[in-house]
Amino acid sequence: MDATTSGTDTFQYRKISDQSVNALVTSSPRSFQRQRHCFGDATPGEFPLSANPSIVLHVLTGCNLDPQDLAKLEATCSFFRQPADFAPDNELSLAELAALDMCHKRAIFKPMSEDERLGLKQKCGGSWKLVLRFFIAGEACTRREKSQAIAGPGHSIAVTSKGTVYSFGSNSSGQLGHGTMEEDWRPSPIRSLQGIRIIQAAAGAGRTMLISDAGQVYAIGKDSFGEAEYGAQGINVVNTPQLVDSLKNIFVVQAAIGNFFTAVLSREGRVYTFSWGNENKIGHQTEPNDLDPHPLLGALENIPVVQIAAGYCYLLALACQPSGMSVYSVGCGLGGKLGHGTRTDEKLPRLIEQFRTLNIQPAVVAAGAWHAAVVGSDGRVCTWGWGRYGCLGHGNEDCESVPKVVESLSKVKAVHVATGDYTTFVVSDEGNVYSFGCGESSSLGHNTAATDEQGNRHTNVLSPEMVTSLKQVNERVVQISLTNSIYWNAHTFALTESGKLFAFGAGDKGQLGVELVSNQTERANPERVDVDLS
């Protein structure tokens, strides 16, 4: 057996000459006790590799070991105390075997057929390590199968880590899913979903989409996925969750509701869209009331996507390629929000080249109504698009037609970003929250009862400021969600590590999940919502 090393640390390996692996594995385990080998000082059988398969990826990727040799060692020395839950493949390297083992532990991987698995592997560059990276990236940026809160236009959705769904706020189209059309500020579980585990949710004006761990999509509210928020389409409504029949043959893991269209993402990383008028706006031609999903054509047909984000007439897609992560955009380019250096529309997805220039590996994307943001794997934050009210965080209200690093956050390592109408929130690795942009409706979390020199109580913030009111909750914030709509007063949710939910901003429809006193329409400071999402 030969071995190589990489990185800054140097490991000394005992050179084996004139001895076969068979001779080694038949010797007594006692002979190993005083020897140093590549697994440390412990005797064989005491190193629990199976307890953490990532150790194999990290330590052994540089070892040029033959899988057959490893199998002989495994049989005699019991390095792996737990057998893999799939048949061994002697054609795979050790690192590939470890990656495949970790893929098998993913909930969305288990029900895939062998052909579907091999198809995904081919789409990811022919490597199980890249398939694993694809799964991990999607889980990280969308909180898949974790608790989450969604601040929709006028109503809100909260999903517990066990998959129970709570809804509250405006209910004019039955979008709360409780079987009524009555508005309610109290968070209540959608009882008709009992026994179904929901892992993702999306909220638009008058409609809600919920995704189960089985890849099924349930819709509530308006029956159209493509109308403008105050358009004439979607006059029929449903007030209890209904399966979207046209998606029954697609295993969906995420949905994004924009203006004039809705998009869904499949388990295999394929993007599908519903409607967008009668022009060729997004890679295919449909009618406004088209309820059938159409695959997004162009550059992303053979590139797996891990996250989608929808804004006003445009869509962003975070894609996973062998060379690294990248962002594509398609749709309306008004204000430069597509990130290509122009304000022209794109009918097919186009790669945003600027991230290569900035040497940034995108990790999370967010699409506001008129602007967009990305968090890089190194913690840098980029924003671009229409900069009105300072929502880009560059200290002015200028537009940026390509992604630009928010320099005032240079000392902050960001892990999450959320965008709304003209507002942006950033969460650091320490759980601190920063916000900037339009101060209307107290949705930035900085507002107090005091007024500025012009008598305005809701001041705009041109550069990132820490939301100090969230520091007082004494818990690490892991997710921010805010209203992404141009027609509604905005509200904001902050979800903590332990599953506590805090709300602030507009609450005129009950969307905060807290009771407001007479004549009160908003809350300036975060208030605990009475629902446990842990």
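Each row is one residue, and each column tells you yes or no for (1) small (Gly, Ala, Ser); (2) open to solvent by less than 40 Å² (accessible area, probe 1.4 Å); (3) touching a Leu at 6+ places or on another chain (Cβ under 7 Å).
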| residue | (1), (2), (3) |
| --- | --- |
| Asn484 | no, no, no |
| Ala490 | yes, yes, yes |
| Phe493 | no, yes, yes |
| Thr496 | no, yes, no |
| Val514 | no, yes, no |
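Scan segment 316-330 residue by residue and report those that are out of contact with any Leu (no Cβ under 8 Å at 6 or more places or on another chain) and either in contact (Cβ under 8 Å) with a residue 40 or more places away in the chain or in a strand (DSSP E or B) (or both). Break it down stepwise before answering.
Of all residues in segment 316-330, those out of contact with any Leu (no Cβ under 8 Å at 6 or more places or on another chain) come to 316, 318, 321, 323-324.
Correct list: Leu316, Leu318, Gln321, Gly324.
Condition (residue is touching a Cys at 6+ places or on another chain (Cβ under 8 Å) and assigned to a helix (DSSP H, G or I)) applied to segment 89-98: is it met by at least one residue?
Here is the first cut: in segment 89-98, the residues touching a Cys at 6+ places or on another chain (Cβ under 8 Å) are 94.
Narrowing the set further to residues that are assigned to a helix (DSSP H, G or I) leaves 94.
Yes, some residue in segment 89-98 is touching a Cys at 6+ places or on another chain (Cβ under 8 Å) and assigned to a helix (DSSP H, G or I).
Which is without any contact (Cβ under 8 Å) to a residue 40 or more places away in the chain, open to solvent by 30 Å² or more (accessible area, probe 1.4 Å), of a type in the set (Lys, Arg) and under 26 Å from Ser463 (Cα atoms), of Arg380, Arg343? Don't jump to the end; show me each part of the working.
Working: Arg343 fails: without any contact (Cβ under 8 Å) to a residue 40 or more places away in the chain.
Matching residue, one of Arg380, Arg343: Arg380.
For the condition at pLDDT 85 or above and over 20 Å from the mean Cα position of the chain (by Cα), what is the one hit in Glu114, Glu74?
Numbers: Glu74 fails: at pLDDT 85 or above.
When all the criteria are applied, what remains is Glu114.
If you take the residues of segment 99-124 that are assigned to a loop (DSSP other than H, G, I, E, B) and not small (Gly, Ala, Ser), which of them is surrounded by the most Cβ atoms within 10 Å (Cβ to Cβ)?
In the first step, residues of segment 99-124 are kept if they are assigned to a loop (DSSP other than H, G, I, E, B); the result is 105-113, 124.
Narrowing further to those that are not small (Gly, Ala, Ser): 105-106, 108-112, 124.
Values: Lys105: 12, Arg106: 18, Ile108: 20, Phe109: 18, Lys110: 10, Pro111: 12, Met112: 17, Cys124: 23.
So, considering only residues that are assigned to a loop (DSSP other than H, G, I, E, B) and not small (Gly, Ala, Ser), the one surrounded by the most Cβ atoms within 10 Å (Cβ to Cβ) is Cys124.
Which of the residues that make up segment 402-427 are of a type in the set (S, T, N, Q), over 16 Å from Val327 (Cβ atoms) and touching a residue at least 40 places away in the same chain (Cβ under 8 Å)?
Ser408, Thr423, Thr424
The values are calculated or read from the model by the stated rules, or taken from the named source; none is laboratory data. Here the structure is a predicted model, which means the values were calculated and not measured. Because the Cβ atoms are built from the backbone with ideal geometry, glycine has one as well, and the counts that use them run over all protein chains shown. For the accessible areas, the whole protein counts, side chains as well, though only heavy atoms, and no ligand, DNA or RNA atoms are used. Shrake-Rupley method; radii C 1.70, N 1.55, O 1.52, S 1.80 Å.
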